[in-house]
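Working notes, structure below.
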């Protein structure tokens with residue numbers, strides 16, 4: 001790495017420590033800080049309607065969930081199509097407290113940071129249990145195991161009266177130092193809460209990947225026998241990857257429950273699991289920035305397709321069924337196109353863009 | 001010279017400004033309401049005609065100036081039967097400052113009821129689930145609840161069963177909050193003495209073949225099936241029953257099954273889907289008048305459909321009536337508030353809805369009874385009409401009725 005941390009242009013390092021820096025240059029750090037300031041400050045200057053605040057908050061929650069899936073699938077190489085069920089575990093942990101203690105119990109309304117953490121921990125425990133088959137299964141067989149978990153989750157929620165048979169279980173309004181967070185401030189309040197969590201967990205993931213535990217994930221993904229020979233424990237690493245994914249998903253689930261002020265079964269279906277996987281693929285598997293790009297791209301695409309389907313449905317009523325098919329069609333098409341033409345996802349475009357500016361004006 | 005030109009320009013500008021304001025004043029107020037429903041996706045066979053009914057009636061109100069110079073805007077959005085999208089649509093409508101909201105599914109009504117309560121906005125959903133009214137003051141059911149419908153059908157079965165012993169009944173439900181809505185009330189009614197033997201409760205899937213279920217019904221001696229779901233699964237079941245020669249040709253025919261359905265599980269659209277399997281002896285209840293029978297309601301609905309270029313099939317659809325009816329109630333509420341010289345706000349419309357009873361009950365022409373709401377009764381049309389299909393058309397059976405056991409179990 002160049003001695004001048006402001007003007008670094010190449011990718012050469014003189015020490016392992018230098019290679020493991022979170023920010024390669026001061027410019028990177030400065031841009032990151034400016035970006036964070038912008039993220040925190042824009043609501044003070046621009047007032048968005050509740051609809052769009054809800055979309056933005058949902059994107060941030062999806063980012064938290066995709067952090068976990070990216071660790072599991074991108075870094076540890078374990079494909080999961082039951083991620084929405086893990087998110088559901090977090091949400092239903094909170095819903096269970098609400099069912100037993102009451103919607104407006106102080107634990108739910110005042111101790112919500114603790115509840116979010118507890119949901120994450122329950123998600124991690126369930127994730128670890130579901131990850132046990134990973135000790136014996138690989139590839140498609142593991143995919144089927146995670147699919148089974150998704151099915152079991154759906155069946156459990158849909159048929160147990162404790163979970164209100166999948167119908168919405170309400171969650172009370174939370175309190176902040178200024179008092180009860182009223183409906184007017186609801187989306188903005190959760191925007192800041194979720195944003196803080198996204199930043200903290202993002203830095204946690206970045207740091208994890210610098211540690212031996214993070215490198216273990218990558219080593220097991222690339223060759224578990226080689227990793228075993230080098231003294232790592234592939235079995236524990238796989239289970240721990242599932243537990244990590246479960247933790248992130250559990251946190252996302254609790255945030256979802258608080259944001260939507262209720263937990264209903266239809267937010268955690270197989271379709272949502274595939275959506276999370278699509279977000280990870282489109283964003284860029286095995287990259288941290290991919291966890292940001294994927295949810296933004298997929299959720300914005302869904303919104304636009306919805307508008308388009310509505311337009312078609314209204315003006316060409318005879319082809320209403322085609323409008324119904326737009327959502328899955330566009331969704332599937334985007335995944336196929338990315339897999340064919342840009343398997344490294346949007347993160348690769350980001351990498352190319354960064355390289356361009358890094359080398360500017362010396363293009364080659 | 002220059003001063004003269006400036007003066008002339010000033011006068012012209014002032015005139016334009018005054019004229020602008022005057023035109024605005026003449027144009028009147030604009031009232032906004034929102035409707036989020038499944039125009040595409042699951043249950044869109046109900047949502048699509050429903051949306052068109054509401055849309056056409058609002059157009060009619062504006063074209064015919066039923067609100068004077070004031071204009072009514074109804075935002076209609078597709079939510080694909082997904083609660084998350086419904087919530088987003090609702091937030092969008094609130095940003096547009098709606099004064100009245102028309103919701104659709106049971107699931108989303110239950111999920112958003114806290115929001116309705118906090119926003120203090122009157123809501124008329126397409127869901128007739130009695131549970132919508134619990135823990136909420138702002139949701140109004142347009143017609144009698146699913147519980148009243150299902151229990152009412154069960155009462156009819158109990159009263160008209162010809163064989164010995166209690167009639168054996170199965171419930172065929174949509175696997176959702178909508179389908180499950182009347183389940184517990186039917187059970188409670190049986191426990192309270194309703195004379196039926198509830199043999200099985202089935203939540204259907206997306207099966208295209210119900211042979212196994214129907215054979216099971218047969219082996220258990222089921223004589224009546226009451227459906228609380230949308231028309232396509234009922235049509236699938238009826239076609240299956242027809243191929244197995246299980247449909248009763250007359251009411252309660254021994255050894256066969258008589259099929260009955262609640263509002264969304266019947267009507268002319270069912271006959272279109274199921275064909276000959278539903279065109280004879282299918283019993284159906286709703287609070288809406290049948291658009292195949294002559295009357296002022298039918299004439300008005302047909303005229304409305306024709307006016308806005310709708311086809312004959314849609315004009316006869318019970319869910320087109322359904323959409324018209326909720327828009328009618330919303331418009332009538334606004335009209336009454338306006339007549340009293342009140343400014344149209346959510347609070348005023350809410351009060352106006354609560355006052356819609358006694359001499360102020362609203363006759364819609366499209367329902368079998370008047371719409372009545374009060375603090376203690378937020379079910380609009382209290383009466384139901386039983387219909388039976390004959391030659392592909394639905395005909396009235398007896399007079400409009402109210403479920404006795406629902407009253408009993410609610411006490």
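A count restricted to segment B:361-371 and to residues that are at pLDDT 90 or above and touching a helix residue (DSSP H, G or I) at 6+ places or on another chain (Cβ under 8 Å) stands at 2. When A:89, A:64 are checked against the criterion of being at pLDDT 95 or above, under 20 Å from residue A:142 (Cα atoms) and more than 14 Å from chain B (Cβ to nearest Cβ), a single residue qualifies: A:89.
Between A:178, A:99, A:146, A:109, which is more than 18 Å from residue A:273 (Cβ to Cβ) and either within 14 Å of chain B (Cβ to nearest Cβ) or surrounded by 20 or more Cβ atoms within 10 Å (Cβ to Cβ) (or both)? Only one candidate passes the filter, namely A:109.
Quick grid of which residues meet (1) closer than 28 Å to residue B:37 by Cβ; (2) at pLDDT 90 or above; (3) touching a strand residue (DSSP E or B) at 6+ places or on another chain (Cβ under 8 Å):
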residue	(1), (2), (3)
A:213	no, yes, no
A:221	no, yes, no
A:259	yes, yes, no
A:267	yes, yes, no
A:327	yes, no, no
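In the set A:213, A:186, which member is assigned to a helix (DSSP H, G or I), within 22 Å of the chain's Cα centre (by Cα), closer than 26 Å to residue A:166 by Cβ and in contact (Cβ under 8 Å) with a residue 12 or more places away in the chain? The unique qualifying residue is A:186.
Only one entry in A:226, A:241 is assigned to a helix (DSSP H, G or I), within 28 Å of residue A:114 (Cβ to Cβ) and either in contact (Cβ under 8 Å) with a residue 24 or more places away in the chain or over 20 Å from the mean Cα position of the chain (by Cα) (or both), namely A:241. Every listed requirement among (1) at pLDDT below 90; (2) surrounded by 14 or more Cβ atoms within 10 Å (Cβ to Cβ) is met by residue A:304 save one, (2).
Residues are listed down the side, and each one gets a yes or a no for (1) in a loop (DSSP other than H, G, I, E, B); (2) at pLDDT 90 or above; (3) assigned by TED's automatic domain parsing to the domain that holds residue B:319; (4) within 21 Å of the chain's Cα centre (by Cα):
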site	(1), (2), (3), (4)
B:9	no, no, no, no
B:19	no, no, no, no
B:34	no, yes, yes, yes
B:41	yes, no, yes, yes
B:74	no, yes, yes, yes
B:80	yes, no, yes, yes
B:87	no, yes, yes, yes
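When segment A:38-54 is limited to residues that are in a helix (DSSP H, G or I) and facing chain B (nearest Cβ under 7 Å), the one that is surrounded by the most Cβ atoms within 10 Å (Cβ to Cβ) turns out to be A:54.
Just one of the numbered conditions (1) under 30 Å from residue B:180 (Cβ atoms); (2) under 21 Å from the mean Cα position of the chain (by Cα) is not true of residue B:352: (1).
Among the residues of segment B:103-125, those identified as outside any helix (DSSP H, G or I), in contact (Cβ under 8 Å) with a residue 40 or more places away in the chain and over 18 Å from residue B:347 (Cβ atoms) are B:103, B:104, B:105.
The values are calculated or read from the model by the stated rules, or taken from the named source; none is laboratory data. Owing to the predicted nature of the structure, the values given are computational and were not obtained by experimental measurement. Quick reminder, even Gly has a Cβ in these numbers, built from the backbone with ideal geometry, and neighbours come from all protein chains shown.
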